[in-house]
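Notes for the one structure printed next.
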Amino acid sequence: MRNDQLIYKIDWMVVLIYLVLVFSGWLNIYAADYDPDVNQGILSFSQSSGKQLIWIATSIILIVLIMMVDFRFYDSFAYIVFGVFIFFLLAVLLFGQEVAGSKSWFQLGSFKFQPSEFTKFATALALSKYLSKSTRKSSEMRSQIIGFLFFLVPLGLIILQGDLGTAMVFGSLILVMFREGMHPMILVVGFSIAVLFLGTLVLSQTILLIGIVVMTLLGIGLVAKAPGKIAVVVIAGVLAAGFVRSVDFILTDVLKPHQQQRVMQLLNPNRDPLGAGWQVTQSKIAIGSGGLTGKGYLEGTQTKFNFVPDQTTDNIFCTVGEEQGWIGSFFLLAAFTALFLRLIFLAERQKSPFARIYGYAVVSILFFHFAFNIAMTIGLFPVIGIPLPFFSYGGSSLWTFTILLFIFLKLDAHRMQVLQRL
């Protein structure tokens, strides 16, 4: 397919939503960084908005390069790309610079590079290539174990860097495994573990252990005529009890002090409003103060006086809520919802298993960022430090989301060629 033909094949609805989100994010970055006493203009390179404009321009260059590369490259070289970024994750542990408690950056002069961000699209490519092999059934246990390793390995390396928030993003790829045949019981087990963890922080271990014993006995009663299932119920009960007993160890010896504070703050928002809870408290004040229509562009008082930390990055949604109000927030959420629904539609129409699986990986990663970024700004999830896709300030994140999205659009534009080749 010639490049001039590609213009007609690309999904322009997704491109339009991408441009709207990027442009809106740029305007809100300026608003979040705006100081009426030292206003140097939205194009000033000393301001976050001016720097973000550079990242936007370079992202456009990346899009052109992605569209110029043969679409078969992304399948053929998926493992190599994945291996390169796994190497970078190992190297940053030895030679990286520590920023905000996380050793996940390379720095060359004023340029900083975060390998964990780019590993997202590399992992999506490698997992898609593995699961798309026609000789391998994704529902087989061996296939699932290897599939899990594709995102558990980078997840573990990023945890070693001290960046738990970015590591959790890789866990979202379990949704891809589920779409490709993973048994739903694995999701149930994961959800149960999360409930037990939070329950242990709220209730005493004695009450939970009694509850586990009662549930185990009820389970045995329900499957009394199937000895094999009795063993499964007993083992599940023992593992649940062991996990409850280990939560204190996880909280005190695995999580870092600031991570412990964020978990406890979620359970008790009034626990430390001037310390660990300051960021969430100010975020909710900023969003709530916007009301229905907001205070107006560049009129956010919480923003002007820097009450909300990380206003241009993790808490950019606070600027939308304060200055554009409920209406502006609704349109932002609607834009993201439209993007996710359109991407799911595109994924389902693919003729190539590789492209379909990669499409769902894109949706999973973007949706995790979107949902948890919004949730942490309104106090529904601990602060984990992940940006809002295409909207937050930052070169590494914007490049990563752009590459992730436009590789899929490139594959979608060639979906009929894939059918002919097969």
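Looking across the range 71-94, the residues that are open to solvent by 30 Å² or more (accessible area, probe 1.4 Å) and not in a helix (DSSP H, G or I) come down to Arg72, Phe77. Restricting attention to the range 31-42 and to residues that are within 29 Å of the chain's Cα centre (by Cα) and not in a helix (DSSP H, G or I), the residue that is modelled with the lowest pLDDT turns out to be Ile42.
Restricting attention to the range 95-106 and to residues that are in contact (Cβ under 8 Å) with a residue 40 or more places away in the chain and buried (at least 19 other Cβ atoms within 10 Å of the Cβ), the residue that is nearest to Ala122 (Cα to Cα) turns out to be Ser104. Scanning the range 295-336 for residues that are modelled with pLDDT under 85, open to solvent by 10 Å² or more (accessible area, probe 1.4 Å), assigned to a helix (DSSP H, G or I) and touching a Phe, Trp or Tyr at 6+ places or on another chain (Cβ under 9 Å) turns up Thr301, Lys304. Among the residues of the range 147-199, just one is hydrophobic (A, V, I, L, M, F, W, C), under 19 Å from Ala347 (Cβ atoms), open to solvent by 60 Å² or more (accessible area, probe 1.4 Å) and in contact (Cβ under 8 Å) with a residue 60 or more places away in the chain, namely Leu175. Just to be sure before I move on: is Ile60 within 30 Å of Thr303 (Cβ to Cβ), in a helix (DSSP H, G or I) and open to solvent by 50 Å² or more (accessible area, probe 1.4 Å) in the structure I sent? Criteria met by Ile60.
Please specify each residue of the range 232-247 satisfying the condition of being open to solvent by less than 50 Å² (accessible area, probe 1.4 Å) and either aromatic (Phe, Trp, Tyr) or more than 31 Å from the chain's Cα centre (by Cα) (or both). Selection gives Val233, Gly237, Phe243.
The values are calculated or read from the model by the stated rules, or taken from the named source; none is laboratory data. Please read all numbers here as calculations on a predicted model, not as lab measurements. All Cβ positions, even for glycine, are placed from backbone atoms using ideal geometry, and neighbour counts span all protein chains on display. The protein model used for the area step is the full one, side chains on, heavy atoms only, and it has no ligands, DNA or RNA in it. Shrake-Rupley method; radii C 1.70, N 1.55, O 1.52, S 1.80 Å.
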